[in-house]
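Working notes, beginning with the structure itself.
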Amino acid sequence: MNELSGARELSGRPVVTLGGDAVAQVRDTVFDGPAGRITGFTLSGRGLLAGPLRKSLPWSAVHALGRHAVMIRGVDVLAEPSAVVARKEAAHGQVLGARVLTDAGAEIGVVLDVVVEGGTSGRVAGFRINARESLVAGSRRRRRKVFVPRGETLAVSGRALVVPADAVRFVADDLAGFAARVEAYRARGGATANGVERGPLP
Amino acid sequence: MTFSEARGLPVVTLGEAREIGVLASLALDAAAGRITHLRVTGPRGRKETAVAWKALHAVGPDAVLVESAVPPDPGPSGPRHEVLGRRVLSEEGDERGTVQDLVFDPSTGRVEKVVTTLGEVAGDRLLGLGDHALVVRAD
């Protein structure tokens with residue numbers, strides 16, 4: 001799987017053409033309604049004093065999302081702001097700050113950040129949440145800021161996200177460990193019965 | 001031949017043996033993988049001129065010879081981007097070091113390799129050279 005990164009750290013990442021020119025930088029990442037995919041990016045100009053750019057970058061025009069740049073084929077793929085922002089409003093704004101509920105009805109925390117896959121997929125791998133209690137079994141640090149895989153059955157309603165109850169057994173407390181947990185979570189092949197089966201936690 | 005060897009070579013006209021300056025830098029067409037122009041600094045570091053690669057007679061170990069009847073060249077079109085010291089970016093958007101040197105074929109101007117701080121990149125993997133980076137195709 002491709003490198004994961006938090007959407008917040010994408011802000012300021014340069015948008016670079018295959019010709020090597022930096023034409024903009026990422027201002028905000030916009031997600032679709034169920035927060036399953038990146039819809040696109042709003043942009044600002046390059047440099048400290050540059051303001052918002054009257055252009056946006058729809059995900060379909062992204063060549064690759066890399067660690068150091070968002071690559072595009074050429075400057076002509078940039079679109080009107082409405083191509084991305086109209087969908088942002090349709091998705092009832094931001095997922096950041098939304099409450100995270102399990103499908104068993106427990107509130108496990110609030111969303112701090114959205115974790116996205118690098119490369120060409122545009123997929124949301126999960127969320128960084130501020131947990132109400134330590135979700136990482138056996139973690140002595142009792143970290144409260146943890147990563148939860150997105151899951152396939154997630155629902156988004158208003159200001160809350162619903163994740164499968166068994167997703168909380170696949171949490172990790174850093175991005176490196178999270179990549180492996182997302183793989184394990186996807187490989188588990190659908191929801192397990194009432195979470196009786198033990199997850200792959202050590 | 002490497003650019004570090006070629007830099008500073010005297011640039012001499014073939015007919016009059018007049019030294020018009022020294023080789024200062026190269027202009028590339030990255031997507032085509034070739035050198036399009038030499039930039040030549042005149043005597044006493046003044047006045048830079050461009051010489052198109054096709055106006056060259058020979059690039060040797062000790063001098064660059066240009067045809068005598070070279071019309072003044074407007075130089076490469078578009079903004080100037082030095083390749084040396086330029087950041088290298090893969091087309092996936094990951095940094096791959098910075099450019100340290102170029103290896104080129106002195107008879108054709110084809111770029112054979114780009115030497116970066118993290119290793120070598122074959123000349124046919126270059127995609128573009130812009131204000132931000134030299135973009136290279138994935139391995």
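Looking only at segment A:10-40, count every residue that is in a loop (DSSP other than H, G, I, E, B) and either in contact with a Gly (Cβ under 7 Å, 6 or more places away or on another chain) or modelled with pLDDT under 90 (or both) and tell me the total.
9
Checking the conditions here, which among B:101, B:124 is more than 25 Å from residue B:63 (Cβ to Cβ), more than 14 Å from chain A (Cβ to nearest Cβ), in contact (Cβ under 8 Å) with a residue 40 or more places away in the chain and not β-branched (Val, Ile, Thr)?
Working: B:101 fails: more than 25 Å from residue B:63 (Cβ to Cβ).
After applying the criteria, what remains is B:124.
Have a look at A:124, A:168, A:146, A:156 and point out the one that is modelled with pLDDT under 80 and either closer than 19 Å to residue A:5 by Cα or touching a Leu at 6+ places or on another chain (Cβ under 7 Å) (or both). Spell out the reasoning first.
Details: A:124 fails: modelled with pLDDT under 80; A:146 fails: modelled with pLDDT under 80; A:156 fails: either closer than 19 Å to residue A:5 by Cα or touching a Leu at 6+ places or on another chain (Cβ under 7 Å) (or both).
Answer to the check: A:168.
Does segment B:80-108 hold any residues that are farther than 16 Å from residue B:34 by Cα and under 15 Å from the mean Cα position of the chain (by Cα), and which are they? Working first, answer last.
Looking only at segment B:80-108, we keep the residues that are farther than 16 Å from residue B:34 by Cα, and these are B:85-98, B:100.
If the condition is that a residue be farther than 16 Å from residue B:34 by Cα and under 15 Å from the mean Cα position of the chain (by Cα), then B:85, B:86, B:100 are the ones that fit.
In segment A:109-134, what residues are among the hydrophobic types (A, V, I, L, M, F, W, C) and more than 18 Å from residue A:186 (Cβ to Cβ)? Give the derivation first.
Here is the first cut: in segment A:109-134, the residues among the hydrophobic types (A, V, I, L, M, F, W, C) are A:110-112, A:114-116, A:124-125, A:127, A:129, A:131.
Residues satisfying the conditions are A:110, A:111, A:112, A:129, A:131.
Please tell me if residue B:66 is away from chain A (no Cβ under 14 Å), of a type in the set (Val, Ile, Thr), free of Cβ contacts under 8 Å to residues at least 60 places away in the same chain and touching a helix residue (DSSP H, G or I) at 6+ places or on another chain (Cβ under 9 Å).
Numbers: away from chain A (no Cβ under 14 Å): yes; of a type in the set (Val, Ile, Thr): yes; free of Cβ contacts under 8 Å to residues at least 60 places away in the same chain: yes; touching a helix residue (DSSP H, G or I) at 6+ places or on another chain (Cβ under 9 Å): yes.
So residue B:66 fits the description; yes.
In the set A:53, A:49, A:112, which member is at pLDDT 85 or above and either assigned to a strand (DSSP E or B) or out of contact with any Gly (no Cβ under 9 Å at 6 or more places or on another chain) (or both)?
Numbers: A:53 fails: at pLDDT 85 or above; A:49 fails: at pLDDT 85 or above.
Every option except A:112 fails the conditions.
Residues of segment B:74-86 being within 13 Å of chain A (Cβ to nearest Cβ), closer than 19 Å to residue A:69 by Cα and surrounded by fewer than 19 Cβ atoms within 10 Å (Cβ to Cβ), which ones?
Of everything in segment B:74-86, nothing turns out to be within 13 Å of chain A (Cβ to nearest Cβ), closer than 19 Å to residue A:69 by Cα and surrounded by fewer than 19 Cβ atoms within 10 Å (Cβ to Cβ).
Can you tell me which residue is nearest to the other protein chains (Cβ to nearest Cβ) among those in segment B:109-121 that are surrounded by fewer than 22 Cβ atoms within 10 Å (Cβ to Cβ) and in a strand (DSSP E or B)?
B:116
Say whether the condition of being under 23 Å from residue B:126 (Cα atoms), touching a Gly at 6+ places or on another chain (Cβ under 7 Å) and not assigned by TED's automatic domain parsing to the domain that holds residue B:113 is met by at least one residue in segment B:56-79.
Within segment B:56-79, none of the residues are under 23 Å from residue B:126 (Cα atoms), touching a Gly at 6+ places or on another chain (Cβ under 7 Å) and not assigned by TED's automatic domain parsing to the domain that holds residue B:113.
The values are calculated or read from the model by the stated rules, or taken from the named source; none is laboratory data. Keep in mind that this is a model prediction, so the values were computed, not measured. Neighbour counts are summed over all protein chains in view; Cβ atoms, including those assigned to glycine, are modelled from backbone coordinates with ideal geometry.
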